[in-house]
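These notes concern the structure reproduced below.
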Amino acid sequence: MTATQARYFEKLDDDVVRCFLCPHHCRLKEGQAGICRVRSNQAGHLLTHNYGEITSLALDPIEKKPLFHFYPGTSILSAGSYGCNLGCSFCQNWSIAHGDPPTTYMEPEKLVEMTHSYREEGSIGLAFTYNEPTIWYEYIMDVAPRLKEMGLKTVMVTNGFIEKRPMEDLLTCIDAFNIDVKGFDEHFYPQMCKGRLGPVKETVERAVGRAHVEITTLLIPGKNDDESEIRALAQWLSSLDRQTVLHLSKYHPAYKLDLPPTPEATINRARDVAREYLDFVYTGNLPGEINNTNCLRCGNELIHRSAYRVKISGIEEQRCARCGAELDYIKGL
């Protein structure tokens, strides 16, 4: 593991440091690690221990992030490390978020070169994903700006639990975000995720209009699937931009939470409620789900999706092939 000087911290008395990367503001004594497990106090300095450490590296469909309105039908090289600054009892990637997986070190220059080489296989760039990428902050800031200079796209799949200043820096070099809004009740985050909703909302509000943003909510029976909560989530997103894409996904038992999977009827009802306020609401983890994208003006099918198989059939020169409407709500056509 490579220890590297971390950003966003202050020194206090007695060699104590306080981290300001995320809203936890962990106050660490000598040798202590933060909630994320990857940042620790060493001799009065905050070091990050996952710099360049990769647990997963794969070429994925962009729809797997999930991003449906950002270069649809393409692929993207995807990389992740380990650790997380939340403690969701239902974590779907707990083995790398909260476990101790094997890692491989890769210099930022090598990852940049590899990302560029994957252009030949149709990749549009690099996604920071799998575990929580914001706690890979220093490494991302050494990779993403270089990719931008090369004309490659950068994506982050994140829980959005990050402070304002580091988020502002990310907005200079990240093209698209999928942000998990894990629930829309103030009690859900501290009870289920060991975090807070407010900072996540601020991250979404900061990103919308400055980068491409899509939202994912994993619906957990009896925890965050109440119709009034879905309605409030959709109304808030609509107040930012009615064309913000929302993905509603089916929960399966994982990590510390063992509840029955979300009923399909619950997912479909939540989708219908959200569509009262948002133009584009899709479902995830459902067999046989229909997640096509249609023209807002005439209803023409623009993009047909069957799992991760995508067919773009109703678009000509970035316009609807039937009515000629501009499709500025889909990036990368």
Practice item. Please indicate, with yes or no, whether at least one residue in the range 207-222 is buried (at least 20 other Cβ atoms within 10 Å of the Cβ) and in a helix (DSSP H, G or I). Key: yes
Review point. Just checking, which of T244, T216, T266 is among the β-branched types (V, I, T), assigned by TED's automatic domain parsing to the domain that holds D169 and more than 30 Å from G332 (Cβ to Cβ)?
Key: T266
Check your understanding: Which members of the range 96-144 meet the condition of being among the hydroxyl-bearing types (S, T, Y) and either part of a loop (DSSP other than H, G, I, E, B) or surrounded by 15 or more Cβ atoms within 10 Å (Cβ to Cβ) (or both)?
Key -> T103, T115, Y118, S123, T129, Y130, T134, Y137, Y139
**Study point:** Pairs where the first residue, in the range 122-151, is more than 24 Å from C22 (Cβ to Cβ) and the second is among the aliphatic types (A, V, I, L, M) and assigned to a helix (DSSP H, G or I), C-beta under 6 Å, 6+ apart
**Key:** G125/L147; R146/V112
Check your understanding: Any idea which residue in the range 229-264 is modelled with the lowest pLDDT, counting only those that are exposed (fewer than 14 other Cβ atoms within 10 Å of the Cβ) and either over 30 Å from A97 (Cα atoms) or among the acidic types (D, E) (or both)?
Key -> D258
Review point. Quick one: which of L77, L67, L57, L12 is modelled with pLDDT of 95 or more, within 25 Å of M114 (Cα to Cα) and surrounded by fewer than 18 Cβ atoms within 10 Å (Cβ to Cβ)?
Key: L57
Practice item. State yes or no: is L296 in a loop (DSSP other than H, G, I, E, B), in the same structural domain as I220 (by TED's automatic domain parsing) and under 27 Å from R231 (Cβ atoms)? Key: no
Review point. For R309, all conditions in the list (1) without any contact (Cβ under 8 Å) to a residue 40 or more places away in the chain; (2) assigned by TED's automatic domain parsing to the domain that holds S75 hold save one; what is the number of the exception?
Key: (2)
Review point. Among the candidates G151, G160, which residue alone is touching a helix residue (DSSP H, G or I) at 6+ places or on another chain (Cβ under 8 Å), among the small types (G, A, S) and in a loop (DSSP other than H, G, I, E, B)?
Key: G160
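The values are calculated or read from the model by the stated rules, or taken from the named source; none is laboratory data. All values reported here derive from a predicted model rather than from experimental measurement. Glycine also receives a Cβ, built like all others from the backbone with ideal geometry; neighbour counts cover every protein chain displayed.
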